[in-house]
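A.B. asks: Dropping the structure in here first, questions after.
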Amino acid sequence: MNTFAQMQLPSTLKSALNTLGFVEPTKIQESVIPVSINGLDLVACAETGSGKTGAYGIPIVSRLLEDTKKNALILAPTRELVTQISDFLRSLTVNCRELQVASIVGGADIRKQLGILKRNPRIVVATPGRLIDHLKRKSLNLDSTAILVLDEGDRMIDMGFAPQLDQILKFLPKQRQTSLFTATLTDRVRKLADKYLQKPERISVGRISLPVAAIKQSVIQTVIKDKDERLVDELNERKGSVIIFLRTKRKTDKLARYLADYGFKVSLIHGGRTHGQRNQAIESFKNGRSRILCATDIAARGIDIPQVEHVINFDLPMMDEDYVHRIGRTARNGASGQAVSFVTPEDHRAWQMLARKYQIKGVELVGLKRRPARRSFQP
Ligand code: AMP
């Protein structure tokens, strides 16, 4: 395998990679970088934590340095992901003042964004909604956008962004390179690719829809009324940082308060919190001020917090794929990690389906009652 130092990349980029401590490309980077540098469209499937941001970020920086007339646009489903991608791209471009990176997300001060856009950033990283606001206001012109990346394509579709993508695509030049990154290649993602990409290369690395093998998965059978106390026991027994996933904002708020009353240092993140609160929560979890992050599925994807040792599914996810994304917050980039799921009798069926679908071994439920015969729906 070629190291980054051996690749044909601009020296400023190589030195940024060196500062980041990136020596060799990850598998997805090894496959994607040559295709992207050559300007071809691609659909890439990769496991969580596989280094996909670098897989598209490195070629973008390289190509924009070589062609000063080109710009790039990256679309991602959540504000957190946009912030994280922008931070990573800024670390790749520290030595290149001509490559400004702008984050355009909803919930943030629009006047500040107007100021940033006036400076003609070469790379725009955005959530679809706010980007459309700017396109309508004509505060952003995408005529020179020669590179488009759709990150977490499956998630964007799940979150209902398809109409916004249609709108945005109308503002982009027909002549462009489009890359679609996705964790799962569902029919809807394939349709999206057919619509926007031209003869894309298909790249997939690892066992796409399955959790990474390094994650030790287990299950705790309990009942709803005992969940809180059982969680406290688990937290006391485990060392290191923990993300606890719940289904609703209200339950997340409540559990965070309960744990804080026990003396745990807790951060909280869900869609009902402001942009600033969400950033602050991630920051204090990242720098270790809080050991626990209580989160809804908004935090399940893409957020890169390297030191997460445990993921606890206090509630099972609504959508199966989120199981993989949630537990993918641990065991990133070769580290090990543990994922434990609380399963109440009401969850038995859902858990059995998850265990089958994701081939989770050694998590059979004990004391299962026979399922009652299916009743027909009585209006
Ligand atoms: P991502 O999947 O893009 O979120 O990346 C997962 C983690 O891997 C991040 O912490 C990256 O900084 C790290 N990473 C990505 N590429 C490399 C590389 N080539 N060498 C070392 N670490 C990397």
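A.B. asks: What order, most packed first, do the peptides 24-36, 189-201 have when packing is the mean number of other Cβ atoms within 10 Å of each residue?
C.D. replies: Sorting 24-36, 189-201 by mean packing, highest first, produces 24-36, 189-201.
A.B. asks: What does the extension gain come out to for K251 and V223, with contour length at 0.36 nm per residue minus their alpha carbon separation?
C.D. replies: Contour length minus Cα-Cα distance gives 8.5 nm.
A.B. asks: Next question. Put a dot 7 Å past each Cα toward the Cβ at R238 and N2; how far apart are the dots in nm?
C.D. replies: Placing both labels 7 Å along Cα→Cβ, they lie 4.1 nm apart.
A.B. asks: List the lysines whose Cα sits under 23 Å from the Cα of K112, skipping any in the same chain fewer than 8 residues away.
C.D. replies: Within the straight-line limit of under 23 Å, K112 reaches these lysines: K136, K138.
A.B. asks: A further question follows. For K254, give me every one of the lysines with a C-alpha distance below 29 angstrom, ignoring sequence neighbours fewer than eight places off in its own chain.
C.D. replies: K216, K225, K227, K239, K265, K286
A.B. asks: State the Kirkwood hydrodynamic radius of region 38-124 in Å, one decimal place, computed from all pairs of distinct Cα atoms.
C.D. replies: Evaluated on region 38-124, it is 13.9 Å.
A.B. asks: Extension gain M353-S336, at 0.36 nm per residue separation less the Cα-Cα distance, in nm?
C.D. replies: Net length gain for the segment: 3.6 nm.
A.B. asks: Regarding region 44-92, what is the average projected area of its C-alpha convex hull, in nm²?
C.D. replies: Hull-based average projected area comes out at 3.8 nm².
A.B. asks: Could you give each residue of region 89-101 its phi-based ³J(HN,Hα) in whole Hz, using Karplus coefficients 6.51, -1.76, 1.60 with θ = phi - 60°, and x for Gly or Pro?
C.D. replies: 5, 5, 6, 6, 10, 4, 8, 10, 5, 6, 9, 8, 10
A.B. asks: Here's something else I'd like to know. Would you kindly state how much longer the chain becomes between A213 and Q277 on full extension, computed as 0.36 nm times their sequence separation minus their alpha carbon distance, in nm to one decimal?
C.D. replies: Roughly 19.7 nm would be gained on extension.
A.B. asks: So, one more: Under a crude label model (7 Å from the Cα following the beta-carbon direction), how far is R230 from K361 in nanometres?
C.D. replies: 2.5 nm
A.B. asks: Can you give me the three principal axis dimensions of region 195-244 from its C-alpha atoms, in Å, biggest first?
C.D. replies: So the three principal-axis extents are 54, 24, 18 Å.
A.B. asks: Roughly how many nanometres apart are two label points built 7 Å out from the Cα toward the Cβ at L20 and D133?
C.D. replies: So the two model labels end up 2.9 nm from each other.
A.B. asks: Apply the Karplus curve 6.51 cos²θ - 1.76 cosθ + 1.60, θ = phi - 60°, to the phi angles in region 23-33 and return the couplings in whole Hz, x for Gly and Pro.
C.D. replies: 9, 10, x, 6, 4, 5, 5, 4, 7, 7, 3
A.B. asks: Using every pair of alpha-carbon atoms in the chain, split the distances into 10 Å bins beginning at 0 and state the percent of pairs per bin, rounded to integers.
C.D. replies: Histogram of Cα-Cα distances, whole percents per bin: 5, 23, 31, 25, 12, 4, 1.
A.B. asks: Additional query: Quickly estimate the mean residue ellipticity at 222 nm for the chain, helices only: each DSSP H run with n ≥ 4 gives -39500 (n - 2.57), and the total goes over all residues, rounded to 500.
C.D. replies: The helix contribution divided over the chain gives -11500 deg cm²/dmol.
The numbers here are math on the coordinates, done by the rules we state, and not lab data. Please read all numbers here as calculations on a predicted model, not as lab measurements. A quick note on method: Cβ atoms are made from the backbone with ideal geometry, for glycine too, and the neighbour counts reach across all protein chains shown.
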